[in-house]
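Asker: Structure incoming, see below.
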Amino acid sequence: MTGTERIFIDAQYLKFFDEQNRVSLFSRARATAQYDEQRTDLFTGAYLNYTTKSGFGGTILGRISSTNSGIDAGIHYFKVTNNFMIYALPSINLSDELLYSWFSILRFTPNLKNDWKLYSSLELFSAFGQIGHLNSVQRVRLGLDRKGYQFGLAVNFNESRFSDTDVNPGVFIRKQF
């Protein structure tokens, strides 16, 4: 995603380890680089999931970022159909300091005509600590999909307890393998 304030690069990987799609690994690596500053933010996370037939299950998350690292545990909900996907994970940090979060991705990709689909995605993240709300992020994508190539309009919102709300609108290109 190229935005008005910064560039945002996000590589995601989902692998199922059994035929029933119960055990999975969702991994992602993100980088955000400011245009006018020498600041880059990095994040990588690996979500090891066990999902029951109902869609609920347990998750262990290992994460490393520019500002912190840790291991979280949570309960997720995960469902995929031909044109809809939801992954929702409330989790808590496994350390002495109280830190809990909510992470979710919702995608809706209905068929339009021939090889074309609508591509819409909403990603939500909120983190809380002993002092309350720490940070929230919303990433919105709306565009088209043709044969696994998605493109369109994008906006990233970031609200932090420690700084002003940040809005980064732009355009995105995405490839699904």
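The values are calculated or read from the model by the stated rules, or taken from the named source; none is laboratory data. Since we're looking at a predicted model, the values are computed, not measured. Positions of Cβ are backbone-derived with ideal geometry, glycine not excepted, and every protein chain shown enters the neighbour counts. In case anyone asks, the SASA skips ligands and DNA or RNA and just uses the protein heavy atoms, side chains included. Shrake-Rupley method; radii C 1.70, N 1.55, O 1.52, S 1.80 Å.
Asker: For the chain, which whole percent of the accessible surface, found with a 1.4 angstrom probe, sits on carbon and sulfur atoms?
Answerer: 60 percent
Asker: Per residue, how many Å² of accessible area does segment 1-143 show with a 1.4 Å probe? Could you put the intermediate results ahead of the total?
Answerer: Values: 8360 Å² over 143 residues.
Accessible surface, normalised per residue, equals 58 Å².
Asker: Oh, and also: Two decimals, Cα atoms only, Kirkwood Rh: what is Rg/Rh over the chain? Before the final figure, lay out the partial values.
Answerer: Values: Rg = 16.8 Å, Rh = 17.4 Å.
My calculation puts Rg/Rh at 0.97.
Asker: Quick one: how many Å² of Tyr47 are accessible to a 1.4 Å probe, rounded to 10?
Answerer: Near enough 10 Å² of accessible area.
Asker: Could you name the lysines whose alpha carbon sits less than 24 Å from that of Lys79, not counting residues in the same chain fewer than 8 places away?
Answerer: Counting by Cα, and skipping residues close in sequence, Lys79 has these lysines nearby: Lys15, Lys53, Lys117, Lys147, Lys175.
Asker: In addition: Could you give the dipole magnitude of the chain about its Cα centre, charging the beta-carbon of Lys and Arg +1 and that of Asp and Glu -1, in debye to the nearest 20?
Answerer: The dipole magnitude comes to about 840 debye.
Asker: Could you work out the local net charge near Phe108, counting Lys and Arg as +1, Asp and Glu as -1, over the other residues with Cβ closer than 15 Å to its Cβ?
Answerer: +4
Asker: Tell me the net charge near Lys15. Cut-off is 14 Å between Cβ atoms, Lys15 excluded, with +1 for each Lys or Arg and -1 for each Asp or Glu.
Answerer: Cβ neighbours under 14 Å give a net charge of 0.
Asker: With only Lys, Arg, Asp and Glu charged, each at its Cβ (+1 for the first two, -1 for the last two), find how big the charge dipole of segment 1-91 is about the Cα centre; round to the nearest 20 debye.
Answerer: Computed about the Cα centre, the dipole is about 300 debye.
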